[in-house]
Amino acid sequence: MKYIFTLLFALALISCSDEADVKDDIQTSQEVSTPVFNTKAIGFKVMMQAFYWDVPAGGTWWNTVKGKVPAWKNAGIDAIWLPPATKAQNGPYSMGYDPFDYFDFGSYNQMGSTETRFGSLSEIQSLISTAHTNGISVIADIVINHNSGGASQANPFTGGNTWTDFQPASGLFNRSYYDFHPNDVHSGDSGSFGGYPDLCHDKQYVQDWLYNNSNSIAKYYKNVMGFDGWRFDYVKGFEPWVVKNFKNAAGGFAVGEYWDGNAATLEWWANQAEASAFDFACYYRMRDAFMGNDLTQLNGDMLLKRNSYKAVTFVANHDTDEIYNNKLLAYVYIMTHEGYPCVFYRDYEEWLDKNKMNNLIWIHNNKASGNTTYLYADNDEYVARRNGSPGLVVYINNSNSWQERWVDTNWANTVIKDYTGNSGWEPTTQGDTWVKIQAPPHGYTVWSVK
């Protein structure tokens, strides 16, 4: 049953340009200039997850990503999120989530190789430099819940042997059973993962090497390697203050992977950690909406509706990719609503229409400002308005035929157009700001001032 609702939510994450001159029906961000590099820019445009699970091995990935950077700049990307960049237990085959030596970016012969799966020290340095030259920030994936690759040692706290003797070739952050759970401080923290040795964040020695020391992981990554921000892996495994202390010690953007569909829980964690969080609540609502053919699910509670400044929205990532029907429509949602959108590499480079993705990124960066008024939803249709200047109206149609609908806009007696090129209409809004718009079957339109 169809219904109308108008509910206002928090201020938008972004404040976009009012300039909207276009040459074609389909506008892409190649025609939009990118500001000079500034780490504060993270969060104002769109993030790219610059990897997927099991990217090609052989030490070529850093160079592959480097080659993409200029095009991503032109598309309107302001940050790239890299996989864990240092040597892990599985050496040349590891995706980095089994960390061993936090200071080996591909320069020490250990764990079966000198390079990481992704490349050498010089190659990641060149990638970071190229990104910065192109005005793009670089986000490091930080795995500090657990470690892997230690040698066996007798452990008095377990009465047996544990794999907790870490002697990395870098000579930095050696570890023993005292630095993992159980130990002389306590038996455990918020959670362990996969049977790996679970790092104890209450140990002063661990805190010093993670963020306090002048050559700590946080400060080395920031000041020596040039990373601009942090994506924290599996933050359910330790307390939020760890992320807060790490971020405060080095500065930069921070986002945590708190895998939970409850928006209130995400908000709690983001507030405690003083960081952003991936909006899994939004992800699951979109999954239910687009896979279940029920667009009223987009009314559901999400972090972006509670605190848009701390919501990083996404449609897929290296761990989960459940929205395979109408995936482009899900990108329409995150590109036109509050939050900081993150694009998945394979969606952009392989699976979806890149021209359409570039168009949506341009719309996000230039039109999607202001808070949101939700105008209409049923199983097949969804309409919402961004109230910025100039703002937009997005119309998602998941039915099998063209649909038309009268909607209330922010513009009186104004010619508007669809900036996706999916509709050729250029209607004039009435004096009372109402206007009729349309959307194609299993498609979308995004309307703003011509």
Scan of the range 306-321 for residues that are surrounded by fewer than 24 Cβ atoms within 10 Å (Cβ to Cβ) and farther than 19 Å from Met48 by Cβ, ordered by number: Arg306, Asn307, Ser308, Tyr309
Set Asp78, Asp101: member being closer than 30 Å to Ser176 by Cα and modelled with pLDDT of 95 or more: Asp101
Residue check for Ala330: of a type in the set (A, V, I, L, M, F, W, C), in a strand (DSSP E or B) and buried (at least 24 other Cβ atoms within 10 Å of the Cβ): no
Of all residues in the range 65-82 being open to solvent by less than 50 Å² (accessible area, probe 1.4 Å) and free of Cβ contacts under 8 Å to residues at least 60 places away in the same chain, the one that is farthest from Lys354 (Cα to Cα): Leu82
Selection within the range 436-446 - open to solvent by less than 60 Å² (accessible area, probe 1.4 Å) and either part of a loop (DSSP other than H, G, I, E, B) or in contact with a Phe, Trp or Tyr (Cβ under 7 Å, 6 or more places away or on another chain) (or both): Ile437, Gln438, Ala439, Pro440, Pro441, Tyr444, Thr445, Val446
Sole residue being more than 30 Å from Tyr52 (Cβ to Cβ), modelled with pLDDT of 95 or more, assigned to a strand (DSSP E or B) and out of contact with any Pro (no Cβ under 7 Å at 6 or more places or on another chain), chosen from Tyr382, Tyr376: Tyr376
For Leu210: the one exception among (1) within 32 Å of the chain's Cα centre (by Cα); (2) without any contact (Cβ under 8 Å) to a residue 60 or more places away in the chain; (3) not in a loop (DSSP other than H, G, I, E, B): (2)
Residue check for Tyr324: hydroxyl-bearing (Ser, Thr, Tyr), closer than 30 Å to Thr64 by Cβ and open to solvent by 10 Å² or more (accessible area, probe 1.4 Å): yes
Extreme residue, nearest to Asn398 (Cα to Cα), among residues of the range 347-365 that are open to solvent by 10 Å² or more (accessible area, probe 1.4 Å) and in contact with a strand residue (DSSP E or B) (Cβ under 9 Å, 6 or more places away or on another chain): Trp351
Neighbours by Cβ (under 6 Å, 6+ apart or cross-chain): first from the range 175-198, in contact (Cβ under 8 Å) with a residue 60 or more places away in the chain; second polar (S, T, N, Q) and assigned to a loop (DSSP other than H, G, I, E, B): Tyr196/Ser148
Flag for Gln297 being buried (at least 19 other Cβ atoms within 10 Å of the Cβ), assigned to a helix (DSSP H, G or I) and without any contact (Cβ under 8 Å) to a residue 40 or more places away in the chain: yes
Those residues of the range 134-157 which are out of contact with any Pro (no Cβ under 9 Å at 6 or more places or on another chain) and surrounded by fewer than 19 Cβ atoms within 10 Å (Cβ to Cβ), in sequence order: Ala151, Ser152, Gln153, Ala154, Pro156
Matching residues in the range 245-288 - criterion: being part of a helix (DSSP H, G or I) and either among the hydroxyl-bearing types (Ser, Thr, Tyr) or in contact (Cβ under 8 Å) with a residue 60 or more places away in the chain (or both): Phe246, Thr265, Tyr283, Tyr284
Residue tally, condition open to solvent by 20 Å² or more (accessible area, probe 1.4 Å), of a type in the set (Gly, Ala, Ser) and without any contact (Cβ under 8 Å) to a residue 24 or more places away in the chain, over the range 370-424: 1
Enumeration of residues in the range 117-155 that are in contact with a helix residue (DSSP H, G or I) (Cβ under 7 Å, 6 or more places away or on another chain) and in a loop (DSSP other than H, G, I, E, B): Arg117, Phe118, Gly119, Asn134, Gly135, Ile136, Ile144, Asn145
The range 280-294, residues that are open to solvent by 30 Å² or more (accessible area, probe 1.4 Å) and within 15 Å of Thr313 (Cβ to Cβ): Tyr284, Arg285, Arg287
Check on Ser276, closer than 22 Å to Lys45 by Cβ and either out of contact with any Phe, Trp or Tyr (no Cβ under 9 Å at 6 or more places or on another chain) or surrounded by fewer than 24 Cβ atoms within 10 Å (Cβ to Cβ) (or both): no
Residues being open to solvent by 10 Å² or more (accessible area, probe 1.4 Å) and either touching a helix residue (DSSP H, G or I) at 6+ places or on another chain (Cβ under 6 Å) or hydrophobic (A, V, I, L, M, F, W, C) (or both) - total across the range 198-210: 2
Which listed residue, of Ser176, Ser170, Ser192, Ser187, is out of contact with any strand residue (DSSP E or B) (no Cβ under 7 Å at 6 or more places or on another chain), over 25 Å from Ala50 (Cα atoms) and open to solvent by 10 Å² or more (accessible area, probe 1.4 Å): Ser187
Selection status of Thr60, more than 26 Å from Val243 (Cβ to Cβ), surrounded by fewer than 19 Cβ atoms within 10 Å (Cβ to Cβ), of a type in the set (Ser, Thr, Tyr) and touching a residue at least 24 places away in the same chain (Cβ under 8 Å): yes
Test: residue in the range 87-110 that is basic (Lys, Arg), on the phi < 0 side of the Ramachandran plot and assigned to a strand (DSSP E or B): yes
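The values are calculated or read from the model by the stated rules, or taken from the named source; none is laboratory data. No experiment lies behind these values; they were computed from the predicted model shown. Every residue, glycine among them, receives a Cβ derived from its backbone with ideal geometry; neighbour counts consider all protein chains shown. The area values use the complete protein model at the heavy-atom level, side chains included, leaving out ligands, DNA and RNA. Shrake-Rupley method; radii C 1.70, N 1.55, O 1.52, S 1.80 Å.
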